[in-house]
Amino acid sequence: MYKCPDMCAQKKLCSPSSYGRVIHTKPKDDLRLFTKTPRDSKAWKIKFAKRTSVERTLKRILVDYTIERARLRAEKRWFWIASLAAVNQHLDAQVNKLGHSLFLKLGLIDKTA
């Protein structure tokens, strides 16, 4: 969409809006509507699953570990904090999978407990 100049050669195509004369353009090959991978295909489901996985990971790092609220300005500090959050996320997944056996192997809890 773009606003027409006062001396427009294509006044018939313009809309009579209160904003002014505008022409709406819509490409026929809009990739948001007509994707290269068909939406109902197996490849689309695999691609979309990866995307949602990445979004969950970023949410976990930014929101759950409160990095989003960190008052950091230096890029190196952002990288360091995000790296620690990613390691912590990985450790959380390992603890959930292995349960107490991980803590027993590391000697962090007593076998009698």
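Below are the figures for this structure:
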{"quantity": "Net length gained if the chain between Thr37 and Gln94 were fully extended (0.36 nm per residue, minus Cα distance)", "calculated": "17.1 nm"}
{"quantity": "Separation in nanometres of the label points that stand 7 Å from Cα toward Cβ, at Ser101 and Arg51", "calculated": "3.8 nm"}
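A short reminder: the numbers here are calculations on the coordinates, not readings from a lab. Note that this is a predicted model, so its numbers are computed, not measured. No Cβ is skipped: glycine too gets one built from the backbone with ideal geometry, and neighbour counts run over all protein chains shown.
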